[in-house]
Amino acid sequence: MKTAWYASLVAVICFEGLGRKFLPQIPAVALYLLKDVVLLFGYFRFRRPAYITAVNSWLYRGFKVFWVVGFCWTLIEVLNPDQTSFPLGMLGLRSYWLWWAAPPIIANVLDDEKAKPRAVYVLLGTAAVVAVFGAIQFA
(Lines give C-alpha, C1' and ligand atoms only; values in the text may rest on other atoms or scores of the structure.)
Protein backbone atom coordinates (compact mmCIF):
# COMPACT_ATOMS: atom_id res chain seq x y z
CA MET A 1 0.00 0.00 0.00
CA LYS A 2 2.83 2.42 0.84
CA THR A 3 4.50 1.83 -2.51
CA ALA A 4 1.28 2.40 -4.43
CA TRP A 5 0.71 5.65 -2.56
CA TYR A 6 4.33 6.70 -3.15
CA ALA A 7 4.01 5.92 -6.85
CA SER A 8 0.80 7.94 -6.98
CA LEU A 9 2.46 10.90 -5.29
CA VAL A 10 5.46 10.81 -7.63
CA ALA A 11 3.15 10.44 -10.63
CA VAL A 12 0.89 13.37 -9.75
CA ILE A 13 3.89 15.58 -8.99
CA CYS A 14 5.90 14.73 -12.09
CA PHE A 15 3.15 14.15 -14.63
CA GLU A 16 0.66 16.87 -13.74
CA GLY A 17 1.81 18.95 -16.73
CA LEU A 18 1.43 15.99 -19.08
CA GLY A 19 -2.07 15.44 -17.76
CA ARG A 20 -2.99 19.06 -18.38
CA LYS A 21 -1.60 18.85 -21.92
CA PHE A 22 -2.93 15.46 -23.01
CA LEU A 23 -6.13 15.24 -20.95
CA PRO A 24 -7.89 18.53 -21.71
CA GLN A 25 -11.27 17.06 -20.72
CA ILE A 26 -10.09 17.05 -17.08
CA PRO A 27 -10.05 20.55 -15.57
CA ALA A 28 -6.49 21.75 -15.00
CA VAL A 29 -7.25 22.82 -11.44
CA ALA A 30 -8.38 19.26 -10.62
CA LEU A 31 -5.04 17.86 -11.79
CA TYR A 32 -3.22 20.65 -9.93
CA LEU A 33 -4.99 19.95 -6.63
CA LEU A 34 -4.81 16.15 -6.97
CA LYS A 35 -1.26 16.36 -5.58
CA ASP A 36 -2.63 17.80 -2.36
CA VAL A 37 -5.27 15.11 -2.02
CA VAL A 38 -2.68 12.35 -2.48
CA LEU A 39 -0.26 14.05 -0.05
CA LEU A 40 -2.91 14.52 2.64
CA PHE A 41 -4.11 10.94 2.20
CA GLY A 42 -0.56 9.70 2.84
CA TYR A 43 -0.12 12.05 5.77
CA PHE A 44 -3.19 10.74 7.57
CA ARG A 45 -2.98 7.12 6.39
CA PHE A 46 0.68 6.34 7.12
CA ARG A 47 1.68 7.39 10.61
CA ARG A 48 5.35 8.04 11.11
CA PRO A 49 7.25 6.00 13.69
CA ALA A 50 8.53 7.94 16.71
CA TYR A 51 12.15 7.89 15.52
CA ILE A 52 11.26 9.49 12.18
CA THR A 53 9.33 12.19 14.03
CA ALA A 54 12.34 12.67 16.33
CA VAL A 55 14.75 12.98 13.41
CA ASN A 56 12.40 15.38 11.68
CA SER A 57 12.18 17.50 14.86
CA TRP A 58 15.96 17.46 15.17
CA LEU A 59 16.47 18.52 11.54
CA TYR A 60 14.03 21.43 11.86
CA ARG A 61 15.00 22.25 15.46
CA GLY A 62 16.09 25.85 14.90
CA PHE A 63 13.50 26.52 12.26
CA LYS A 64 10.24 26.06 14.21
CA VAL A 65 9.99 29.67 15.34
CA PHE A 66 10.59 30.94 11.80
CA TRP A 67 8.08 28.43 10.44
CA VAL A 68 5.37 29.58 12.86
CA VAL A 69 6.09 33.28 12.20
CA GLY A 70 6.11 32.69 8.44
CA PHE A 71 2.88 30.71 8.53
CA CYS A 72 1.13 33.32 10.68
CA TRP A 73 2.36 36.10 8.37
CA THR A 74 1.09 34.23 5.32
CA LEU A 75 -2.26 33.65 7.02
CA ILE A 76 -2.54 37.35 7.91
CA GLU A 77 -1.82 38.22 4.28
CA VAL A 78 -4.50 35.80 3.08
CA LEU A 79 -7.03 37.36 5.45
CA ASN A 80 -5.97 40.91 4.53
CA PRO A 81 -9.12 42.86 3.57
CA ASP A 82 -7.18 44.49 0.71
CA GLN A 83 -6.50 41.04 -0.77
CA THR A 84 -8.09 41.10 -4.22
CA SER A 85 -8.63 37.34 -4.46
CA PHE A 86 -9.21 35.17 -1.40
CA PRO A 87 -9.10 31.89 -3.40
CA LEU A 88 -5.75 32.90 -4.88
CA GLY A 89 -4.48 33.69 -1.39
CA MET A 90 -5.58 30.25 -0.17
CA LEU A 91 -3.82 28.67 -3.13
CA GLY A 92 -0.66 30.52 -2.15
CA LEU A 93 -1.02 29.39 1.46
CA ARG A 94 -1.29 25.82 0.23
CA SER A 95 1.67 26.23 -2.12
CA TYR A 96 3.97 27.58 0.57
CA TRP A 97 3.04 25.49 3.58
CA LEU A 98 1.31 22.20 2.75
CA TRP A 99 4.36 20.56 1.22
CA TRP A 100 6.37 20.74 4.43
CA ALA A 101 4.52 17.54 5.31
CA ALA A 102 6.11 15.59 2.43
CA PRO A 103 9.66 14.87 3.73
CA PRO A 104 8.65 12.91 6.85
CA ILE A 105 6.04 10.94 4.90
CA ILE A 106 8.49 10.03 2.16
CA ALA A 107 11.11 9.14 4.80
CA ASN A 108 8.52 6.76 6.26
CA VAL A 109 8.07 5.05 2.89
CA LEU A 110 11.80 4.81 2.24
CA ASP A 111 12.37 3.41 5.74
CA ASP A 112 10.22 0.36 4.95
CA GLU A 113 12.57 -2.38 3.74
CA LYS A 114 9.89 -3.92 1.51
CA ALA A 115 8.84 -0.62 -0.03
CA LYS A 116 12.32 0.85 -0.54
CA PRO A 117 13.37 -1.18 -3.62
CA ARG A 118 9.98 -0.60 -5.25
CA ALA A 119 10.22 3.12 -4.48
CA VAL A 120 13.61 3.24 -6.18
CA TYR A 121 12.12 1.56 -9.27
CA VAL A 122 9.27 4.08 -9.27
CA LEU A 123 11.80 6.90 -9.24
CA LEU A 124 13.86 5.27 -12.00
CA GLY A 125 10.80 4.79 -14.20
CA THR A 126 9.61 8.32 -13.55
CA ALA A 127 13.04 9.73 -14.35
CA ALA A 128 13.12 7.77 -17.61
CA VAL A 129 9.70 9.04 -18.71
CA VAL A 130 10.56 12.62 -17.76
CA ALA A 131 13.88 12.36 -19.64
CA VAL A 132 12.19 11.02 -22.76
CA PHE A 133 9.53 13.74 -22.75
CA GLY A 134 12.21 16.34 -22.06
CA ALA A 135 14.22 15.13 -25.06
CA ILE A 136 11.10 15.17 -27.24
CA GLN A 137 10.25 18.71 -26.16
CA PHE A 138 13.83 19.87 -26.65
CA ALA A 139 13.98 18.39 -30.14
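The values are calculated or read from the model by the stated rules, or taken from the named source; none is laboratory data. From a predicted model like this one, the values you see are computed outputs, not experimental measurements. Note that we place each Cβ from the backbone using ideal geometry, even for glycine, and neighbour counts take in every protein chain shown. What goes into the accessible areas is simple: the full protein's heavy atoms, side chains included, and nothing from ligands, DNA or RNA. Shrake-Rupley method; radii C 1.70, N 1.55, O 1.52, S 1.80 Å.
Candidates in the stretch 13-56 are the residues that are charged (D, E, K, R) and not in a helix (DSSP H, G or I); of these, the one that is surrounded by the fewest Cβ atoms within 10 Å (Cβ to Cβ) is R47. For the stretch 57-139, the helices (runs of 4 or more DSSP H) that sit wholly inside it and include 1 or more residues that are among the aromatic types (F, W, Y) and open to solvent by 90 Å² or more (accessible area, probe 1.4 Å) are 64-78, 86-97, 115-138. If you go through the stretch 3-26 and keep only what is without any contact (Cβ under 8 Å) to a residue 12 or more places away in the chain and polar (S, T, N, Q), you end up with just Q25.
Does the stretch 76-101 hold any residues that are under 20 Å from the mean Cα position of the chain (by Cα) and farther than 25 Å from V10 by Cβ, and which are they?
Our first condition is that a residue be under 20 Å from the mean Cα position of the chain (by Cα); within the stretch 76-101, this holds for 87-101.
P87, L88, G89, M90, listed by residue number.
Looking at the stretch 67-79, I want the residues that are of a type in the set (F, W, Y) and have a partner that is open to solvent by less than 60 Å² (accessible area, probe 1.4 Å) and part of a helix (DSSP H, G or I) with Cβ atoms under 7 Å, at least 6 apart or on another chain. Which pairs are those? Once the first residue is of a type in the set (F, W, Y) and sits in the stretch 67-79, its partners that are open to solvent by less than 60 Å² (accessible area, probe 1.4 Å) and part of a helix (DSSP H, G or I) give F71/W97.
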